[in-house]
Amino acid sequence: MKISRFGPGFGVIFTRAAFTLSEVMIAMVLLSIVTQAVYSFYSIGVKTYTRSRLSADTVGSVRYLKKIIEEKISFKSNNNFNIFMKKNGMSTLNDLKNIMRVNVEGPNPPLYAALGFSDYTAHAAKNIHERTSETVIKKMSGLGRIYNSEFIGNYIVEINKDAASISGPSAQFDFLFSQPPAAALGFGFLDPGDSVKAVSSINSSLSAEINRADMSVLTFLFSGAPPASAAGINVSVQKQDASFKRLFSILASFDSKNAPSITPVANIDAADYKFYFITGSNLFCDDGMLFYEQDINDRFINHAFYVKTPGNDEAEFDSDGNALKEIRYAFARESEGWNFIDDTIISNVESITFTYFDKDANEVVCDKNFWQWHKGDQIYSVNIDVTTKKEDVKENFKMVIEL
């Protein structure tokens, strides 16, 4: 619009200009681009800061977990006789507090009830003696041998026969076990020229000389026997000297949740055999571990690292509504009673797996169906794979710990 300020006849004309629609639209587009860029930089900064903060917190927690496991397990007793393994085994220990408040190295009814030894509390009635691994070591030492992990399972039966039990130059001794032993050893004590021969009751063509100079492995005498069937041996003794000496000793071990028994058949009676239940167990599961140590004052400390999924009123949840797990550390110390402590180490765990390996780096797998027995010195290392998730920031950590 043109306007003459001084009216008609004057030639000076002033023009009042405005933005066009296209200019306004371009400005708005440029402003939105700049705003979006500023917000993106701000958002990236916030996310980077949040991720760094959460990552630092999680890394600190995982480092602490590794440190405390390494510290505690470095004092783990190496005298334990048993290792029991099972998938999700720690989650089935509903009685963990009571288990931890009893000596894991010795008689522990809550522990062995949880492991499936249904007749454990009846051991006294069945004349089964609870002993630590020192019993096995001493037995083997008394027989002239160093124990070297020959036995399999918690139960051990000891059979001893003395020369006073025979009146002539030869004798037969027969007995049956209620189930085939997982391992059996024989020891002879006769003079040169005498003999002790064990013959399988399952397959009479299988026999073994019980050598007076060394230990004899008798396990093969029970090969082929069904697990639930009775199995035994016939021991033939030929003796020239009538002096009173021990004739033979047989030690048999059983990998069974039910206590074995003996049926005497010939020249064997109840005074000739004893039953032992060897205590001292570590639990190594894919969701945690339990072990014990003996400190310099001979007091016992029980340790447990385990995975727990809290109830809905306590759990943290991810954005998908999944409850996050906790890694917890519990211990109980023997000191005028058992003091029990149970703390959370990491609370935002999406998944965690404990994987175990032997000395040759072969994985020792946790059975998914039952508590499986393993030798106490079989596990040499554990790999722990942890994935944490907090505010949808996911982190994965792997650690290897030598046992």
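Odds and ends about this structure:
- Failed condition for Ile13, given (1) loosely packed, with under 10 Cβ neighbours inside 10 Å; (2) modelled with pLDDT of 80 or more: (2)
- Flag for Ser347 being in contact with a strand residue (DSSP E or B) (Cβ under 6 Å, 6 or more places away or on another chain) and modelled with pLDDT under 95: yes
- Selected residue (only one of Asn103, Asn98, Asn94 is free of Cβ contacts under 8 Å to residues at least 60 places away in the same chain and either closer than 13 Å to Asn154 by Cβ or not in a helix (DSSP H, G or I) (or both)): Asn94
- Given (1) closer than 30 Å to Arg246 by Cβ; (2) in contact with a helix residue (DSSP H, G or I) (Cβ under 6 Å, 6 or more places away or on another chain), index of the condition Thr279 fails: (2)
- On inspection, Gly116 qualifies as small (Gly, Ala, Ser) and not in a strand (DSSP E or B).
- Single condition Ile341 does not satisfy, out of (1) in contact (Cβ under 8 Å) with a residue 60 or more places away in the chain; (2) closer than 30 Å to Glu105 by Cβ; (3) assigned to a strand (DSSP E or B); (4) not hydroxyl-bearing (Ser, Thr, Tyr): (1)
- Qualifying positions in the stretch 140-187 - surrounded by fewer than 22 Cβ atoms within 10 Å (Cβ to Cβ), of a type in the set (Gly, Ala, Ser) and not in a loop (DSSP other than H, G, I, E, B): Ser141, Gly142, Ala163, Ala164, Ser165, Ser170, Ala171, Ala183
The values are calculated or read from the model by the stated rules, or taken from the named source; none is laboratory data. In this text, all values refer to a predicted model and were calculated from it rather than measured experimentally. Heads up, the Cβs are rebuilt from the backbone with ideal geometry, glycines too, and the neighbour counts pull from every protein chain shown.
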